[in-house]
Amino acid sequence: MALEQDPKDTPSADLATTRAVPYPTSRLAARIDLVDMAQEIEKADQALGMVVGGKLEVIRDQMRALQEEARRLLDEARISARLHRARCSFRKIPGRVYHLYRRSEDDLYFSMLSPAEWGGAPPHAFEGSYRLEVDMSWTCLMVGAPPGEPGCAPTPPGHGTNPARDRIPEGRALVQKLLQEG
């Protein structure tokens with residue numbers, strides 16, 4: 001026959017829950033002081049506040065990073081759209097480098113000839129050299145520089161936000177100019 005246990009020897013669900021109550025369940029149990037209970041609640045509130053506060057800070061930082069990424073993407077899209085609107089008398093092919101010139105304040109155009117190929121004296125103001133990417137965005141390779149100063153060069157790999165298509169910090173002046181015009 002199966003062994004039968006005395007019901008007093010087996011822990012029950014009621015017994016387990018009585019161990020968690022905030023007040024003594026028998027006269028032999030330790031006395032619970034209201035001040036101790038209030039301190040325990042305060043500690044729990046502080047711990048929860050720290051945990052929740054930490055998580056909210058992480059979310060805030062992620063939101064700021066996403067906002068900055070969205071701004072950067074919108075700026076890049078605006079610049080690419082502005083560059084696509086520059087006059088061009090040939091078919092642009094992704095992967096090729098094109099040179100941007102300014103004929104007048106509102107007249108930008110692309111040429112296949114670099115300033116060096118013009119013999120160092122292009123017919124109009126050189127604004128920069130750009131490579132058309134497969135995704136139809138533009139990568140700045142060189143921005144026009146004053147005489148005697150070198151133009152910008154591609155940033156070293158791993159120093160941009162997108163190592164596959166690093167952007168050039170010196171191109172910010174042109175970016176700002178294009179944004180103001182658009």
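No value in this document is a laboratory result; all are computed from the given coordinates. On a predicted model such as this, the values are computed, not experimentally measured, just so you know. Here the Cβ positions follow ideal geometry from the backbone for every residue, glycine too, while neighbour counts run over all protein chains shown.
If you rank Ser114, Ser137, Ser89 by fewest surrounding Cβ atoms within 10 Å, what's the result?
Ser89, Ser114, Ser137
Kindly write out, for segment 126-131 in residue order, the coupling ³J(HN,Hα) from the Karplus curve 6.51 cos²θ - 1.76 cosθ + 1.60 (θ = phi - 60°), rounded to whole Hz, with x marking Gly and Pro.
Values, residue by residue: 7, 9, x, 10, 9, 9 Hz.
Please give the contour-minus-distance gain from Arg27 to Arg131: 0.36 nm per residue of separation, less the Cα-Cα distance, rounded to one decimal in nm.
On the way: separation 104, 0.36 × 104 = 37.44 nm, distance 8.45 nm.
Extending this stretch completely gives an extra 29.0 nm.
Could you list Arg82, Arg27 so that the one with the fewest beta carbons within 10 Å of its beta carbon is first and the one with the most is last? Don't skip to the answer; put the middle values down first.
Values: Arg82 17, Arg27 5.
With the fewest neighbours first, Arg82, Arg27 line up as Arg27, Arg82.
Show me, for segment 77-84, the HN-Hα J-couplings you get by feeding each phi into the Karplus relation (A = 6.51, B = -1.76, C = 1.60, θ = phi - 60°), rounded to Hz, glycine and proline as x.
So the Karplus estimates, Gly and Pro as x, are 5, 5, 5, 4, 5, 4, 5, 5 Hz.
Counting other Cβ atoms within 10 Å, which GluC sites (Glu not before Pro) in segment 29-112 have at most 13 and lie in a DSSP loop? Walk me through the numbers on the way to the answer.
On the way: sites: Glu40, Glu42, Glu57, Glu68, Glu69, Glu76, Glu105; in loops: Glu105.
For GluC sites (Glu not before Pro) across segment 29-112 that sit outside H, G, I, E and B with at most 13 neighbouring Cβ atoms in 10 Å, the list reads Glu105.
Search the structure for amide H atoms under 5 Å from the amide H of Val143, placed 1.01 Å from N in the peptide plane, and list their residues when 5 or more places away or on another chain.
For Val143, whose amide H was placed from the backbone, the distant partners under 5 Å are Ser129, Cys152.
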